[in-house]
Amino acid sequence: MDLNEFITAFAGEFEETDSSVFTPQTKYKDLEEWGSLTALSIITMVDAEIGKTLTGADLRACDTIEQLYILIQNK
């Protein structure tokens, strides 16, 4: 999965946030819809679509979608 595909999958976990908001530099924790349920959805999506385990600590360690993508690729 490349970065653009990851951004599309990431955006798909948000129900109310317009997909145009999501870029590599998006600070996902600043999004109004971000919360514990969305975080769990992201963790599940990464496991199902990429086959890697993402933790809450991983999500907290990153600020942008691109940083999260790089962290996942390095696992």
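What to note about this one:
- Relative contact order for the chain, counting Cα pairs under 8 Å that sit 6 or more residues apart, in percent: 33 percent
- Residue-averaged 222 nm ellipticity for the chain, from DSSP H runs of 4+ at -39500 (n - 2.57), nearest 500: -14500 deg cm²/dmol
- Per residue accessible area in Å² of the chain, where ligands, DNA and RNA are left out and the probe is 1.4 Å: 60 Å²
- Against the criterion of solvent-accessible heavy-atom surface with a 1.4 angstrom probe, L37, L59 sort, most first, into L37, L59.
- Charge dipole of the chain (Cα centre as origin; +1 on each Lys and Arg Cβ, -1 on each Asp and Glu Cβ, all else neutral): 380 debye, rounded to the nearest 20.
- Helical segments meeting 15 Å axial Cα length and Kyte-Doolittle 1.0 threshold in the chain (DSSP H): 36-49
- Accessible-area composition of the chain, carbon plus sulfur, in percent [1.4 Å probe]: 47 percent
- When the chain is treated as a GNM with alpha-carbon contacts under 10 Å, the residue of I50, I65, I42 showing the greatest mean-square fluctuation is I50.
The values are calculated or read from the model by the stated rules, or taken from the named source; none is laboratory data. Model, not experiment: these values are computed from the prediction. With ideal geometry, Cβ positions are generated from the backbone for all residues, glycine too; neighbour counts draw on all protein chains shown. What goes into the accessible areas is simple: the full protein's heavy atoms, side chains included, and nothing from ligands, DNA or RNA. Shrake-Rupley method; radii C 1.70, N 1.55, O 1.52, S 1.80 Å.
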